[in-house]
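Okay, structure first, notes after.
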Amino acid sequence: MSLARVVASGGGLGWLPGAPGTWASLTSVLAGAGLLALSPWALAAGAVAATLGGLWAITSEGVGGDDPGWVVIDEVAGQWITMLALPRPAPLWLLAAFLVFRTLDIAKPGPIGWADRRHDAVGVMADDVIAGAVGAALLLGARVAHM
(Lines give C-alpha, C1' and ligand atoms only; values in the text may rest on other atoms or scores of the structure.)
Protein backbone atom coordinates (compact mmCIF):
# COMPACT_ATOMS: atom_id res chain seq x y z
CA MET A 1 0.00 0.00 0.00
CA SER A 2 1.37 3.41 -0.97
CA LEU A 3 2.03 6.21 1.52
CA ALA A 4 -0.57 8.32 -0.27
CA ARG A 5 -3.21 5.61 0.25
CA VAL A 6 -2.31 5.33 3.95
CA VAL A 7 -2.64 9.12 4.37
CA ALA A 8 -5.87 9.31 2.34
CA SER A 9 -7.40 6.52 4.42
CA GLY A 10 -6.53 8.30 7.66
CA GLY A 11 -3.99 5.67 8.63
CA GLY A 12 -6.39 2.87 7.74
CA LEU A 13 -9.52 4.29 9.39
CA GLY A 14 -11.15 4.46 5.98
CA TRP A 15 -11.20 0.67 5.81
CA LEU A 16 -13.29 0.26 8.98
CA PRO A 17 -16.70 -1.27 8.25
CA GLY A 18 -19.94 0.63 8.46
CA ALA A 19 -19.42 4.37 8.49
CA PRO A 20 -15.71 5.11 7.99
CA GLY A 21 -16.26 8.88 7.91
CA THR A 22 -17.91 8.76 11.32
CA TRP A 23 -15.15 6.53 12.72
CA ALA A 24 -12.54 8.94 11.36
CA SER A 25 -14.31 11.94 12.90
CA LEU A 26 -14.68 10.22 16.26
CA THR A 27 -11.03 9.19 16.29
CA SER A 28 -10.06 12.70 15.23
CA VAL A 29 -11.95 14.19 18.17
CA LEU A 30 -9.91 12.05 20.53
CA ALA A 31 -6.59 12.81 18.83
CA GLY A 32 -7.53 16.47 18.44
CA ALA A 33 -8.33 16.69 22.15
CA GLY A 34 -4.77 15.63 22.86
CA LEU A 35 -3.39 18.23 20.47
CA LEU A 36 -5.65 20.93 21.94
CA ALA A 37 -4.49 19.99 25.46
CA LEU A 38 -0.91 20.58 24.30
CA SER A 39 -1.72 23.89 22.63
CA PRO A 40 -4.29 25.40 20.26
CA TRP A 41 -1.32 25.91 17.93
CA ALA A 42 -0.66 22.15 17.90
CA LEU A 43 -4.25 21.54 16.82
CA ALA A 44 -3.98 24.26 14.16
CA ALA A 45 -0.74 22.72 12.85
CA GLY A 46 -2.43 19.32 12.75
CA ALA A 47 -5.37 20.73 10.81
CA VAL A 48 -3.06 22.37 8.26
CA ALA A 49 -0.99 19.18 7.93
CA ALA A 50 -4.10 17.03 7.47
CA THR A 51 -5.48 19.43 4.86
CA LEU A 52 -2.29 19.75 2.81
CA GLY A 53 -1.31 16.11 3.28
CA GLY A 54 -4.82 15.04 2.36
CA LEU A 55 -4.83 17.10 -0.82
CA TRP A 56 -1.47 15.58 -1.78
CA ALA A 57 -2.63 12.03 -0.99
CA ILE A 58 -5.96 12.33 -2.78
CA THR A 59 -4.30 13.84 -5.85
CA SER A 60 -1.55 11.19 -5.80
CA GLU A 61 -4.14 8.41 -5.63
CA GLY A 62 -6.03 9.91 -8.57
CA VAL A 63 -9.21 10.27 -6.55
CA GLY A 64 -11.85 12.21 -8.40
CA GLY A 65 -15.51 11.91 -9.18
CA ASP A 66 -17.44 10.77 -6.16
CA ASP A 67 -15.70 10.89 -2.79
CA PRO A 68 -14.81 7.24 -2.10
CA GLY A 69 -15.77 6.04 1.38
CA TRP A 70 -12.26 4.89 2.22
CA VAL A 71 -10.88 8.44 1.84
CA VAL A 72 -11.28 9.93 5.32
CA ILE A 73 -8.34 12.33 5.69
CA ASP A 74 -10.82 15.06 4.72
CA GLU A 75 -12.91 14.20 7.79
CA VAL A 76 -9.80 14.39 9.97
CA ALA A 77 -8.98 17.87 8.63
CA GLY A 78 -12.56 19.13 8.88
CA GLN A 79 -13.06 17.78 12.39
CA TRP A 80 -9.86 19.44 13.61
CA ILE A 81 -10.82 22.74 11.98
CA THR A 82 -14.15 22.61 13.81
CA MET A 83 -12.32 21.94 17.07
CA LEU A 84 -10.22 25.09 16.66
CA ALA A 85 -13.20 26.95 18.16
CA LEU A 86 -13.00 25.03 21.43
CA PRO A 87 -11.63 26.77 24.51
CA ARG A 88 -10.24 23.51 25.87
CA PRO A 89 -10.84 19.78 25.42
CA ALA A 90 -13.92 19.65 27.70
CA PRO A 91 -16.16 16.60 27.10
CA LEU A 92 -19.35 18.52 26.23
CA TRP A 93 -17.52 20.81 23.82
CA LEU A 94 -15.85 17.79 22.18
CA LEU A 95 -19.25 16.14 21.74
CA ALA A 96 -20.68 19.37 20.31
CA ALA A 97 -17.78 19.64 17.85
CA PHE A 98 -18.31 16.06 16.71
CA LEU A 99 -22.07 16.46 16.27
CA VAL A 100 -21.85 19.83 14.51
CA PHE A 101 -19.17 18.68 12.08
CA ARG A 102 -20.84 15.34 11.24
CA THR A 103 -24.21 17.06 10.71
CA LEU A 104 -22.69 19.60 8.33
CA ASP A 105 -20.63 16.93 6.55
CA ILE A 106 -23.67 14.72 5.97
CA ALA A 107 -26.26 17.44 5.17
CA LYS A 108 -23.84 19.50 3.02
CA PRO A 109 -25.72 22.82 3.10
CA GLY A 110 -24.73 25.77 0.90
CA PRO A 111 -21.04 26.07 0.03
CA ILE A 112 -20.30 22.64 1.53
CA GLY A 113 -22.55 21.03 -1.07
CA TRP A 114 -21.08 23.22 -3.80
CA ALA A 115 -17.58 21.97 -2.99
CA ASP A 116 -18.80 18.37 -2.84
CA ARG A 117 -20.32 18.71 -6.33
CA ARG A 118 -16.92 19.64 -7.83
CA HIS A 119 -16.17 15.93 -8.16
CA ASP A 120 -12.41 16.38 -8.08
CA ALA A 121 -9.58 16.12 -5.54
CA VAL A 122 -10.04 19.71 -4.38
CA GLY A 123 -13.76 19.12 -3.87
CA VAL A 124 -13.11 15.98 -1.82
CA MET A 125 -11.05 18.03 0.64
CA ALA A 126 -12.87 21.36 0.33
CA ASP A 127 -16.32 20.21 1.42
CA ASP A 128 -14.92 19.03 4.76
CA VAL A 129 -12.64 22.04 5.19
CA ILE A 130 -15.63 24.34 4.61
CA ALA A 131 -17.78 22.21 6.94
CA GLY A 132 -15.02 22.55 9.54
CA ALA A 133 -14.92 26.33 9.15
CA VAL A 134 -18.73 26.61 9.38
CA GLY A 135 -18.71 24.27 12.37
CA ALA A 136 -16.05 26.37 14.09
CA ALA A 137 -18.09 29.53 13.45
CA LEU A 138 -21.20 27.89 14.93
CA LEU A 139 -19.29 26.74 18.00
CA LEU A 140 -17.76 30.19 18.47
CA GLY A 141 -21.27 31.62 18.32
CA ALA A 142 -22.40 29.11 20.91
CA ARG A 143 -19.47 30.03 23.16
CA VAL A 144 -20.27 33.74 22.94
CA ALA A 145 -23.95 33.07 23.64
CA HIS A 146 -22.97 30.87 26.58
CA MET A 147 -20.88 33.59 28.25
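Checked against (1) in a loop (DSSP other than H, G, I, E, B); (2) in contact (Cβ under 8 Å) with a residue 24 or more places away in the chain; (3) over 21 Å from Gly11 (Cβ atoms); (4) in contact with a helix residue (DSSP H, G or I) (Cβ under 8 Å, 6 or more places away or on another chain), Gly65 passes all but condition (4).
Yes or no, residue by residue, for (1) in contact with a Gly (Cβ under 8 Å, 6 or more places away or on another chain); (2) surrounded by fewer than 20 Cβ atoms within 10 Å (Cβ to Cβ); (3) closer than 27 Å to Leu3 by Cα; (4) touching a residue at least 40 places away in the same chain (Cβ under 8 Å):
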{"site": "Ala42", "(1), (2), (3), (4)": "no, yes, yes, no"}
{"site": "Trp56", "(1), (2), (3), (4)": "no, yes, yes, yes"}
{"site": "Thr82", "(1), (2), (3), (4)": "yes, no, yes, yes"}
{"site": "Pro109", "(1), (2), (3), (4)": "no, yes, no, no"}
{"site": "Gly113", "(1), (2), (3), (4)": "no, yes, no, no"}
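Checked against (1) surrounded by fewer than 16 Cβ atoms within 10 Å (Cβ to Cβ); (2) in contact with a helix residue (DSSP H, G or I) (Cβ under 6 Å, 6 or more places away or on another chain), Leu38 passes all but condition (2). Here the stretch 9-30 is the region considered, the condition is being over 18 Å from Ala131 (Cβ atoms) and of a type in the set (A, V, I, L, M), and the residue that is surrounded by the most Cβ atoms within 10 Å (Cβ to Cβ) is Leu16. The residues in the stretch 14-26 that are in contact (Cβ under 8 Å) with a residue 60 or more places away in the chain and not β-branched (Val, Ile, Thr) can be counted, and the count is 3. Note on the stretch 115-147: among residues that are at pLDDT 95 or above and farther than 22 Å from Ala57 by Cβ, the one that is surrounded by the fewest Cβ atoms within 10 Å (Cβ to Cβ) is Gly141.
Does Ala136 satisfy being within 15 Å of Asp67 (Cβ to Cβ), part of a helix (DSSP H, G or I) and touching a helix residue (DSSP H, G or I) at 6+ places or on another chain (Cβ under 9 Å)? So Ala136 fails the test.
The values are calculated or read from the model by the stated rules, or taken from the named source; none is laboratory data. Please read these numbers as outputs of a predicted model, since none were measured by experiment. Don't worry about glycine lacking a Cβ; one is built from the backbone with ideal geometry, like all the others, and counts go over all protein chains shown.
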